[in-house]
Amino acid sequence: MEGFSIKISPATFLVLVISLNFYINSSLAINYGAEKASTDFIKTSCSTTTYPSLCFTSLSSHTSAIQTSPRLLAQTALSIALSHVVSTSAAMQRLSKSPGLKPKEVGPMKDCLEELTDSIDELKRSMGEMNELSGSPKYRLLISDIQTWVSAALTDENTCMDGFAGKSGNTKNVVRGRIINVVQLTSNALALINSYNSLHG
């Protein structure tokens with residue numbers, strides 16, 4: 001069987017190449033424009049948080065998911081905070097079993113792990129209700145629950161950190177470094193949730 005072939009004149013081929021290039025460049029321009037708009041939106045929104053630099057660096061790689069939506073911005077910030085609390089809790093679990101842990105650190109470490117477990121639960125519940133917010137007739141009730149739970153998670157994280165106040169040594173430094181990060185991420189998430197809610201005033 002003979003192969004099937006299509007003959008295209010040089011002029012037609014040139015038109016096809018030009019059309020393809022135009023389509024690709026147009027698509028790139030649209031994508032770039034959308035990404036820049038989202039980046040600018042994130043930067044502006046983060047400027048109202050307590051830790052704007054951390055806010056922007058933690059969210060700037062999520063432009064395609066956030067676009068320019070205040071709800072998606074708050075939801076993504078909350079998801080990032082939850083992810084960091086989960087990974088911090090896992091790291092603390094490993095640290096609590098290390099042979100280098102001093103007897104005076106055992107109690108604060110145990111308390112801290114309990115606080116982080118509560119924080120994870122509260123942030124998960126908040127995430128669940130964030131998914132229901134859009135267009136919900138129960139908006140007021142949902143947003144109130146979310147604000148309460150994220151605030152409680154922030155309190156739990158700070159309580160964990162306070163347990164190591166006055167302690168010295170490497171364990172304290174490791175714990176404080178990790179907890180400060182999740183406290184700041186959770187604080188930013190709460191600020192963005194509050195900003196989103198203010199648009200519904």
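Odds and ends about this structure:
- Net charge, A91 excluded, C-beta distance under 12 Å - Lys, Arg +1, Asp, Glu -1: +3
- Counted by Cβ distance under 15 Å from N188, the other residues give a net charge of 0, where Lys and Arg count +1 and Asp and Glu count -1.
- Among the GluC sites (Glu not before Pro) within the range 125-201, those in coil by DSSP and having at most 12 neighbouring Cβ atoms inside 10 Å are E132.
- Over the range 46-198, all Cα pairs binned in 10 Å intervals from 0 give whole-percent P(r) values of 11, 40, 30, 14, 4, 0, listed from short to long.
Quick note: the coordinates plus some simple rules give every number you see, no bench work behind them. Just so you know, these numbers come straight off a predicted model, no measurement behind them. No Cβ is skipped: glycine too gets one built from the backbone with ideal geometry, and neighbour counts run over all protein chains shown.
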